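The values are calculated or read from the model by the stated rules, or taken from the named source; none is laboratory data. Here the structure is a predicted model, which means the values were calculated and not measured. Every residue, glycine among them, receives a Cβ derived from its backbone with ideal geometry; neighbour counts consider all protein chains shown. The protein model used for the area step is the full one, side chains on, heavy atoms only, and it has no ligands, DNA or RNA in it. Shrake-Rupley method; radii C 1.70, N 1.55, O 1.52, S 1.80 Å.
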Amino acid sequence: MGTDKESKTEIFGLRENKKDFIIRRCTSDDLDGVIEVNERELPEDYPYFFYKSILDNYPDSFLVACASNNFEKIIGYVMWRIERTPSTNTLKLINKGHLVSIAVSEVYRRKGVATELLKKSMPAIKQKGISEYVLEVRVSNYPAINLYKSLGYEIQTIKKAYYRDGENAYYMVRK
Ligand code: ACO
Ligand code: ZN
């Protein structure tokens with residue numbers, strides 16, 4: 001974490017120019033920064049080897065956002081995996097791109113960072129041969145639900161008590 005003064009400079013920079021962040025592929029050197037963002041922004045935490053295995057298996061769709069004045073500073077990430085599960089319509093087994101996790105540091109939110117992370121990572125996971133994009137999101141997580149709706153995702157079902165604290169998840173799908 002930077003000092004208060006440093007983050008203010010960065011926010012100012014982002015306000016001046018909406019695209020004052022860059023999106024690039026994650027490397028193993030970035031994983032500590034990714035984990036830091038995840039642990040700060042989301043209650044769902046994963047062990048290091050989980051991130052590493054997603055990076056090893058799906059490197060093209062594991063992207064990070066960095067402040068454009070500091071390419072090392074991770075301000076957001078997105079990671080996907082592929083799962084083979086029945087299609088809701090036909091029950092035939094199909095490959096789906098499963099959004100494992102996305103988060104953006106609070107001070108950098110509402111500047112289009114998550115939208116860019118998704119727009120750049122979705123074609124990358126699609127190249128692996130998937131028929132739909134899927135994800136779970138807490139039913140109370142309006143920012144994320146709105147983000148996904150803005151990208152064409154629709155709520156398909158509710159998964160009851162999906163989270164450890166008992167909260168339900170929406171299962172959202174984009175064909
Ligand atoms: N309230 C309402 N709508 C919102 C909000 C909000 N606070 N934040 C984003 N949106 C919607 C809006 O439609 C927005 O477009 P607009 O700004 O033009 O109105 C659109 O999403 C795109 O917003 P971005 O700026 O691209 O999103 P941002 O970079 O702020 O990141 C995110 C959104 C990732 C949900 C962020 O709030 C975050 O990190 N939250 C905590 C972590 C989290 O909840 N991650 C998702 C968990 S589910 C999963 O990972 C599968
Ligand atoms: Zn999931």
Considering the range 78-106 alone, what residues qualify as being closer than 20 Å to Asp45 by Cα and away from ligand 2 (no atom under 15 Å from the Cβ)?
Val104, Ser105, Glu106
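Matching residues to (1) within 24 Å of Asp45 (Cβ to Cβ); (2) more than 15 Å from ligand 2 (Cβ to nearest atom):
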site	(1), (2)
Asn69	no, yes
Ile75	yes, yes
Ile125	yes, no
Glu136	yes, no
Ala144	yes, no
Extreme residue, most open to solvent (accessible area, probe 1.4 Å), among residues of the range 135-157 that are near ligand 1 (Cβ under 6 Å from one of its atoms) and not in a strand (DSSP E or B)
Tyr142
Output the qualifying pairs, or none if there are none: Cβ atoms under 6 angstrom, residues six or more apart or on different chains, first residue in the range 137-152 and over 18 Å from Tyr108 (Cα atoms), second residue outside any helix (DSSP H, G or I) and among the polar types (S, T, N, Q).
Val139/Asn168
Considering the range 47-87 alone, what residues qualify as being farther than 17 Å from Lys128 by Cβ and open to solvent by 70 Å² or more (accessible area, probe 1.4 Å)?
Tyr48, Phe49, Asn69, Phe71, Glu72
Keeping to the range 117-134, report how many residues are open to solvent by 50 Å² or more (accessible area, probe 1.4 Å) and touching a residue at least 12 places away in the same chain (Cβ under 8 Å).
6
